[in-house]
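Since every read-out is calculated from the coordinates, none of them should be taken as a lab result. Predicted model only: the values in this text are computed from it and were never measured.
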Amino acid sequence: MPKFQRLKANFYQQNTFKLAKALLGKYLIRKIGKKILIGKIVEVEAYYGPQDKASHASKGKTERTKIMFDKEGVAYIYLIYGMYHCLNIVTEKKDFPAAILIRALEPIKNIKTKTNGPGKLCRAFKISKNLNGENLISSKKLYLAQKSKEKIKNSQIVKAKRIGVDYAGHYKHKLWRYYIKNNSFVSKK
């Protein structure tokens with residue numbers, strides 16, 4: 001298997017929407033003891049700023065959302081429906097709330113369950129709120145990586161509406177979900 005290179009701080013220091021597209025084809029790596037789980041990111045959703053009614057930050061800085069106001073490259077993990085965890089990557093500068101939800105992964109190594117949805121991938125990778133606030137740049141437990149010379153072309157990226165945000169007014173129509181065209185692990189086409 002080709003060597004993975006951890007993504008450095010400067011990778012996270014770009015516009016949220018550019019970063020969302022750049023995340024496609026990168027790898028989520030989770031270390032649990034001596035076991036390493038690896039999945040390729042194939043679908044993401046962007047949440048941008050306090051006006052985005054689909055974002056948790058639209059209600060301001062709370063105990064739950066304070067991580068979204070942190071610096072870029074930090075994991076924001078929350079529970080939905082009282083049973084599913086979701087992994088987000090905080091973007092933008094400190095005090096501007098933006099994040100990218102990792103929606104689906106293509107299993108690469110040591111994955112035995114489905115990863116075609118945010119709750120499923122968190123279950124498969126044993127990601128829970130105990131990793132909320134984890135610094136993806138320096139963490140030994142959870143980080144992102146790339147293989148050299150591997151890049152997803154713009155022609156391979158599909159833009160679509162986000163999922164499950166019908167309550168978000170005109171923000172429900174934003175094409176802020178990105179996925180790799182024809183990838184069978186995408187949660188919804």
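Considering only alpha-carbon pairs that sit under 8 angstrom and 6 or more positions apart, the relative contact order computed for the chain is 28 percent. Computed from backbone phi with θ = phi - 60° and the Karplus coefficients 6.51, -1.76 and 1.60, the 3J(HN,Hα) list for the range 172-189 is 5, 8, 5, 8, 10, 10, 10, 8, 7, 4, 6, 7, 6, 9, 5, 6, 8, 9 Hz; x is used for glycine and proline.
When averaged across all projection directions, what area in nm² does the alpha-carbon convex hull of the range 1-51 cover?
On the way: hull surface 20.0 nm².
Mean orientational projected area (the range 1-51, Cα hull): 5.0 nm².
Among the listed pairs K161/K188; K31/K151; K112/K151; K26/K147, a Cα-Cα separation exceeding 18 Å is found for K31/K151; K112/K151.
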